[in-house]
Amino acid sequence: MRTILVGAELKHRRPGAAAYSETSLDELWRLAETANLEPVLKLRVKLHEWNPATLVGSGKLQELKALVEEHKAGAVIFDDELSPAQARNLERELRVTIADRARLIIEIFALRARTREGKLQAQLARFSYALGRIAGKGGSMDQQRGMIGGRGSGEKKIEYERRTLRVKITELQEEIDSIRRERDTQRSKRDSVPMPQISIVGYTNAGKSTLLNRLTGDRHAIYADDKLFATLDPSTKRVRLPEGGVVLFTDTVGFIQKLPHDLIAAFRATLEEIKYSDLILHVHDLSSPDAKLQHEAVKATLDELGVHDIPVINVFNKSDAVKDPSFSAWAPEHLRPLFISALTGKGVDKLLASCASALSRRWEDYELTVPQGGGLIKEIYDSCLVKEVTYTQEGAALKFRATPENYARLLKRLNAAS
């Protein structure tokens, strides 16, 4: 569908109001392409004030109407959030499909979700978005007349639609809660062999999935593409550190500016996995001129999720795409940026070493002599950082680093076996 994109801003910003991002419309263009639309024009308009009826005012509305006819567009998408009344009035005036950025992102999530949980979460976001935007639509929303004895009126159509949506939302929330309980069970099983857990977060299309593929040596072939929201479903993979020991890396859904609250609420159960991490890798796109805004968008979403007090390594990816070092999109020294290219592998060894160093702050030095056989030696190699091993008649004398919880578990298993 041929689509026109519109970004509106006030000519005179109020004190403290954020400036309109120069690349926001470019990002909206890519979002439209991701949704299988055909964007044909992006229009940035400056207004003296917001119009409560149509957002852009009568003059700009007529200009937009002419552009719709000229480009034979079937849809107009606004980079700004529209009220139900504004969307309805615009649709009536322009006679095309009207949407805003929030609705477009929600539709992309519904389109690209693959797992059962992802599909349920996307559907929940769609219903929640629709519930907040049900408004009277002229005669079509008039109340239905009561038929028995002709007394009074029946349930209004708008009330019926709201009730129907609430029922569907409740059912979806119950299904998602069921999946969340299953995940809690899986996490408790994971915690029984406590491996460090690292969450990979970042702006959409920063290269998170490509990085996880690089870390695993492409053994699991996680889908990665140069698209916004190429992957929505989290993936957790084991990765062996250079010094030994295994950690769990989880690739999370990408964030974006103006991420709809309905989506954050729907995906909260998945995103809250980040709170159980020992370390967070915040992946940035070094080649993006909007790297600072993207950093702030990710930080704002993490704050909304209540993710605090977890160590963060700021990873600046796509260093291979920045030919001129003086370009330096945005990588301030106070973030202690670590530059890599997930595509070529440059800097990934240094990243793993930094991960090991950050995680080791929770690990302490231990020694155990373990009888050969029984699998305990292999388990120590898998879940700890083995520094030295000497084989004696009593078994393998191991010097290793581990979390206190992991050491207590290993000691309990060793005492049970002896």
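Points worth noting:
- Those residues of segment 21-39 which are touching a Ser or Thr at 6+ places or on another chain (Cβ under 7 Å) and surrounded by 17 or more Cβ atoms within 10 Å (Cβ to Cβ), in sequence order: A32, L37, P39
- Count of segment 331-353 residues which are in a loop (DSSP other than H, G, I, E, B) and open to solvent by 50 Å² or more (accessible area, probe 1.4 Å): 4
- Qualifying residue in segment 386-396 (condition: closer than 25 Å to V315 by Cα and not β-branched (V, I, T)): no
- Single match in V322, V283 (criterion: surrounded by 15 or more Cβ atoms within 10 Å (Cβ to Cβ) and under 26 Å from I105 (Cβ atoms)): V283
- Residue match in segment 326-339 (condition: among the hydroxyl-bearing types (S, T, Y) and in contact with a helix residue (DSSP H, G or I) (Cβ under 8 Å, 6 or more places away or on another chain)): no
- Count of residues meeting criterion [open to solvent by less than 10 Å² (accessible area, probe 1.4 Å) and more than 24 Å from R116 (Cβ to Cβ)] in segment 247-280: 3
- Only one of K60, K42 that is open to solvent by 40 Å² or more (accessible area, probe 1.4 Å) and assigned to a helix (DSSP H, G or I): K60
- Yes/no for V389 being open to solvent by less than 20 Å² (accessible area, probe 1.4 Å) and over 18 Å from R238 (Cβ atoms): no
- Leading residue by the ranking (modelled with the lowest pLDDT) among those in segment 84-104 that are surrounded by fewer than 21 Cβ atoms within 10 Å (Cβ to Cβ) and charged (D, E, K, R): R88
- Scan of segment 392-418 for residues that are closer than 20 Å to L241 by Cβ and open to solvent by 30 Å² or more (accessible area, probe 1.4 Å), ordered by number: K399, R401, P404, E405, Y407, R409
- Per the listing E81, E49, the residue uniquely over 30 Å from A113 (Cα atoms), in a loop (DSSP other than H, G, I, E, B) and open to solvent by 10 Å² or more (accessible area, probe 1.4 Å) is E49.
- P337 more than 18 Å from G244 (Cα to Cα), modelled with pLDDT of 90 or more and not aromatic (F, W, Y): yes
- Test: residue in segment 113-134 that is surrounded by fewer than 21 Cβ atoms within 10 Å (Cβ to Cβ) and acidic (D, E): no
- When R362, R409, R401 are screened for being in contact with a strand residue (DSSP E or B) (Cβ under 7 Å, 6 or more places away or on another chain) and of a type in the set (K, R), only R401 passes.
- Residue tally, condition closer than 16 Å to R240 by Cα and part of a strand (DSSP E or B), over segment 368-391: 3
- With respect to the conditions (1) under 22 Å from I274 (Cα atoms); (2) assigned to a helix (DSSP H, G or I); (3) open to solvent by 20 Å² or more (accessible area, probe 1.4 Å), A356 lacks only one, and its number is (3).
The values are calculated or read from the model by the stated rules, or taken from the named source; none is laboratory data. The shown structure was predicted, so the numbers you read here are calculated from the model rather than taken from an experiment. Note that each Cβ is placed from the backbone with ideal geometry, even for glycine, and that neighbours are counted across all protein chains shown. Calculation scope for accessible area: heavy atoms of the full protein, side chains included, ligands and nucleic acids excluded. Shrake-Rupley method; radii C 1.70, N 1.55, O 1.52, S 1.80 Å.
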